[in-house]
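Here's the structure we're looking at; comments come further down.
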Amino acid sequence: MTETITEAVGTDDELVVDQLTIEYSSGGYAVRPIDGLDLHVPSGQLVLLLGASGCGKTTLLSSMAAILKPSAGRIMLGQTDVTALSGAALANYRLRKVGVIFQSFNLLASLTAVENVMVPMRLAGVRGSAARRRARELLEHVDLGHRLDHRPDDMSGGQQQRVAIARSLANEPSLVLADEPTAHLDYVQVEGVIQLLRTLAQPGRIVVVSTHDERLLPLADRVVELTPQAAGREGPPERVELSAGEVLFRQGDPAERVFTVEAGEVELVRERTDGPEEVVMVAAPGQYFGELGPMFRLPRSATARARTDSTVTSWALRDFRRRDS
Amino acid sequence: MWSIALRDLQMRRRRFITAVIAVGLVFGITLLLDGFSASLRNEAARTVATFKADEWLVSAGGSGPFTPDHLISQDAAAQVRAQPGVRNVDPLLVVATAVQPKPGNRVNVNVLGTGDALPLSGGRWPARSGEVVVNDGLNKPIGSTISMLGAQVRVVGEMHGVSYFAGTNVIALPISALQQLFAGGQRVASALVVRGHATAPSGFQAMTNAEVRGTLTRAIKVAASTVSFLDILLWIVAAGIIGTILYMTALERTRDFAALKAMGARNHHVFVAIAAQAVVLSLAAGLVSIVVSKALAPSFPITVEVPTRSYPLIFVVALALGLVGSLAGVRRAVATDPALAFGG
């Protein structure tokens, strides 16, 4: 396989993510997988977005591709405010500034490898003969010169992934986004794709890869962990006094401690996107809440708010479980 | 996007060929119905033109020469013939009856008794009593006999395309022979066929050729409007088939469209990807419809005369219906969320 792809280089744009918050509705409940994210990536770097399923990797990638509008904050690629794009400028950004490598490849089944790579160029108005010539070169770069006229169904997963990589480079984008690029590949195919991804990051181009595959860690110039890291904060039990209406923690916050109610009442409410909040439970003296978040390293799934003046005790997960047993 | 659309057609060719045949058959039937409608109009015009009349005289208050409700005296012909400006006057007697060209197959015919010989496509005009000429649609060869109005008559000549009332065949013979068979020899007629210009005598009214054609087409107006209604129903069926096929395709290609939009394809690109398939499907169906109509027309019991203009028109109609039919698929494709391209 060719070591580097040297010709498909865009401008020296930096990628800046500033206080990005993405919230959407899932089954009527507000979900905020990305909350106040800051990121600065200089040109030429390969960034790995690492995290478990559902932590917001693909959501963040979609925002960078100008496919999903964030709820707050912004994304800048060079001088382009990606989050403010619309209409023709939006289509032009997707077409010329970004190349996306989808998890399921998303090659058009009716087209051959070379025709698939031609698609973004033809959409950008490149003449057929020029587009075909460049598509051939890109496929030769990804070691698929012998599969130019094969359709996706006749190629292995690794070969399809390499066609998708060649397609993502078609219009010389300055940002390449790869969504779980190793998810559908066996270990033999993974190696080739990893090598290829590494060669993509070079001056003039940023590569952002979302994955939960830790084998990709050595590739990265930078790793962004999207799974909440604050779970299970240690420390002795703490007594917390709450006034009526005071919020103990909010839905989507990192989960750190477990709480027991000593006096008063604490209600757990879930924000809905389609109406008023929903009361999940009311914890009375002797009852506890908030143990699943620290246990499974999940963000808070509901907001805890004192219904009356209340006293709660905050526990480290280990202490809470020891106390319980 | 045209190439993507055509490649996709190629990949789904079995489905599209099936759709082309189905839509082509439907369009073919509309062409045949169109030909049937045209033949209803044409046969009336042809039959009226056979008499080379400048005008027609019928009984005052009568509905027309071929829809006789009053009989007149043949002797009036001599009186009209004497008018200046009249070159010739022929009496015409019309009798509606039924004959049995084949055993067990009784059909309605219109029997015309004329003063002058009518143009023939074969054989000769009857020279004596008991001889007739028949329209070729009756399928009675020269030399055969028919039982008509209580007598056996022999076919001695053939006419082509002389029928009216939706293909009801004409049998013709000299008026005197028909008067003998129908009216016991009384000199009665249904109308006078005038060459030149006559003033209608008292008790008569004059009719133009257009008015006479109108009396023939009026009788089949319901049939003609039924055919038009069937045409519209068939167009809806064709649009429905195209719409269903393209909507299914749009559903199956949701991820393709999502990926294309994620790559920067705009709505008009996506529109072309579906509409191009509608255009190809419709035009191919138009071609099939012409083959179908040409193949089936001869086996119709009535002459089907598809107007020449209908052939280019079927492509225009097919294209319009194809695009209308594809609207649901287009809407579906254009509305595809590019975010669907992400995930496994």
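Taken together, the values in this text are just the output of simple stated rules run on the coordinates, not laboratory data. Quantities reported herein were computed from a predicted structural model and do not represent experimental measurements. Virtual Cβ from ideal backbone geometry, glycine too; neighbours counted across all protein chains shown.
Rounded to the nearest Hz, the phi-derived 3J(HN,Hα) couplings of the stretch B:316-323 under the Karplus curve 6.51 cos²θ - 1.76 cosθ + 1.60 (θ = phi - 60°) are 5, 5, 4, 5, 4, 5, x, 5, where x marks glycine and proline.
Normalised by residue count, chain B yields a Cα convex hull volume of 163 Å³ per residue.
3J(HN,Hα) couplings calculated from phi for the stretch B:89-97 with the Karplus curve 6.51 cos²θ - 1.76 cosθ + 1.60 (θ = phi - 60°) are, in sequence order, 9, 10, x, 10, 10, 10, 10, 8, 8 Hz; Gly and Pro show x. Sequence-ordered 3J(HN,Hα) estimates for the stretch A:129-134 from the Karplus curve with 6.51, -1.76 and 1.60 and θ = phi - 60° stand at 5, 5, 5, 5, 4, 5 Hz, glycine and proline given as x. Could you give the distance between the Cα centres of the stretch B:143-211 and the stretch B:1-55, to the whole Å? Computed from Cα coordinates, the inter-centre distance equals 36 Å. Rg and Dmax, both from the Cα atoms of the stretch B:55-196 and both in Å, are 14.9, 52. Highest mobility in the GNM of chain A, judged by mean-square fluctuation with C-alpha springs under 10 Å and restricted to A:PRO152, A:PRO42, A:PRO276, is found for A:PRO276. Multiplying the residue separation of B:ASN139 and B:VAL222 by 0.36 nm and removing their Cα-Cα distance gives an extension gain of 27.2 nm.
Comparing B:ALA259, B:ALA285, B:ALA250 in a Gaussian network model of chain B, where Cα atoms under 10 Å apart are tied by springs, the biggest mean-square fluctuation is seen for B:ALA259. Residues whose amide H falls under 5 Å from that of A:LEU248, counting only those 5 or more places apart or on a different chain, are A:ALA304, A:ARG305, A:ALA306, with hydrogens built in the peptide plane. With neighbour counts taken as other beta-carbon atoms within 10 Å, the residues A:ASP309, B:ASP75, A:ASP35 rank, fewest first, as B:ASP75, A:ASP309, A:ASP35. The alpha-carbon atoms of the stretch A:15-225, seen along their principal axes, cover 47, 39, 38 angstrom, with the largest extent given first. With 18 Å as the cut-off, how large is the P(r) tail for the stretch A:239-306, expressed as percent of Cα-Cα pairs? In whole percent, the long-distance tail amounts to 33. Put simply, the amide H of A:VAL209, placed in the peptide plane, has neighbours under 5 Å in A:VAL47, A:LEU48, A:LEU49, A:ALA178, leaving out anything fewer than 5 places away on its chain. By other beta-carbon atoms within 10 Å, ranking B:PHE27, A:PHE296 with the fewest at the front produces A:PHE296, B:PHE27.
Once you reduce the stretch B:59-91 and the stretch A:48-117 to the center of their Cα atoms, the two points are 88 Å from each other. Quick one: Debye curve from the alpha-carbon atoms of the protein assembly as shown only, equal weights, vacuum; give me log10 I(q)/I(0) at q = 0.08, 0.09, 0.10 Å⁻¹ to two decimals. Debye intensities relative to I(0), on a log10 scale: -0.75, -0.85, -0.96. The reciprocal of the average 1/r between distinct C-alpha atoms defines the Kirkwood hydrodynamic radius, which for the stretch A:73-145 equals 13.9 Å. The relative contact order of the stretch A:15-225, computed from alpha carbon pairs under 8 Å that lie at least 6 residues apart in sequence, is 30 percent. Over all directions, how big on average is the projection of the convex hull of the alpha-carbon atoms in the stretch B:22-83, in square nanometres? Reported value for the Cα convex hull: 6.2 nm².
Under the criterion of Cα pairs below 8 Å and six or more residues apart, the relative contact order for chain B equals 29 percent. For chain A, modelled as a GNM whose springs connect Cα atoms under 10 angstrom apart, the maximal fluctuation among A:ARG198, A:ARG167, A:ARG133 occurs at A:ARG133.
Here is how the number arises for chain A: DSSP H runs of 4 or more residues each give -39500 (n - 2.57), the sum is divided by the residue count, and the result at 222 nm is -7000 deg cm²/dmol.
Distance between the C-alpha centres of the stretch B:319-333 and the stretch A:121-148: 32 Å, rounded to the whole angstrom. Peptide A:96-108 has a mean of 4 when you count, residue by residue, the C-beta atoms of other protein chains within 10 Å of its C-beta.
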